[in-house]
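Laboratory data are not the source of any read-out in this text; all were calculated from the coordinates shown. All values reported here derive from a predicted model rather than from experimental measurement. All Cβ positions, even for glycine, are placed from backbone atoms using ideal geometry, and neighbour counts span all protein chains on display.
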Amino acid sequence: MPPIIRKATPDDATLLMRVIDMASDGVIPALWDEMAPEGMDGAAVGLALVTAEDGDFSYRNGTVLEEDGAALGGMIAYRLPPTPHPAGPDVPEAFAGVEELAMLVPDHWYINVVAIVPEGRGRGLGTALLDDAEAQARHSGAPGLALIVAASNTGAVRAYDRTGYRERARRPFDASMFGAQPTEAVLMVKQLS
């Protein structure tokens with residue numbers, strides 16, 4: 001049976017949290033650990049964000065790829081506002097460059113995170129999710145798609161380049177306080193005609 005791509009539901013929260021973890025190389029879950037109030041762990045913070053009815057990480061922005069009933073990957077993507085909004089004071093300094101890059105592509109369909117679980121890789125499933133994102137972008141009337149990837153993730157940069165994304169800008173990205181090596185955040189854009 002061929003893979004299917006469907007909208008996420010709150011029941012997909014565990015998968016979406018895994019996708020966020022894989023796509024951010026553990027940085028976002030480490031950030032959630034830092035955000036957790038006394039008596040709560042980072043996983044609970046992440047779960048609250050993913051199961052929320054709104055917000056960037058909400059399941060409502062999620063897509064799930066399944067094959068034979070097994071979830072093999074997912075994506076969180078949404079249209080950015082037409083007028084960029086500066087980052088709020090609660091955005092960690094490490095993410096300031098990422099926020100700046102997102103402000104360069106107002107009104108674009110923004111792929112916040114996308115990942116395929118290890119057992120599903122190498123079969124074109126990631127490309128299928130990117131194709132689905134493009135269909136969503138076209139349906140929404142967005143002028144293009146955008147994503148931000150770590151320059152150190154050379155495999156992902158090459159994969160995005162192969163699927164028509166082109167580098168638009170870079171900013172320093174030092175998330176060493178969250179366990180990552182310093183690198184650059186790369187904004188990649190695919191314009192729609």
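Observations
- Neighbourhood net charge (15 Å Cβ-Cβ; Lys/Arg +1, Asp/Glu -1) for Met40: -4
- Region 107-193: C-alpha gyration tensor shape, a/c 1.5 cut-off, then a/b vs b/c: oblate
- Gyration tensor verdict on the chain (Cα atoms; rounded if a/c is under 1.5, prolate if a/b is larger than b/c, oblate otherwise): rounded
- Nearest-0.05 FRET efficiency for Asp33 and His85, computed from C-beta distance (R0 22 Å): 0.25
- Residues Leu104 and Arg6, FRET efficiency given R0 of 30 Å [Cβ-Cβ distance, rounded to 0.05]: 0.45
- Loop-located GluC sites (Glu not before Pro) in region 1-106 (DSSP state not H, G, I, E or B) with no more than 10 neighbouring Cβ atoms inside 10 Å: Glu38, Glu53.
- Hull-based mean projected area of region 145-190, where the convex hull spans the alpha carbons, in square nanometres: 3.0
- For region 4-191, with +1 on Lys and Arg beta carbons and -1 on Asp and Glu, the positive-most of Val27, Leu101, Gln191 along the dipole: Gln191
- Under a model in which nothing but the beta-carbon of Lys, Arg (+1) and Asp, Glu (-1) is charged, the chain shows a dipole of about 900 debye around its Cα centre.
- Loop trypsin sites (Lys or Arg not before Pro), region 113-142, which have at most 16 other Cβ atoms in a 10 Å radius of their Cβ (DSSP): Arg121, Arg123
- For Glu93, neighbours were defined as the other residues whose beta-carbon sits under 14 Å from its Cβ, and their charges (Lys and Arg +1, Asp and Glu -1) total -4.
- Potential extension, Thr127-Thr14 segment - 0.36 nm per residue separation minus Cα distance: 38.5 nm
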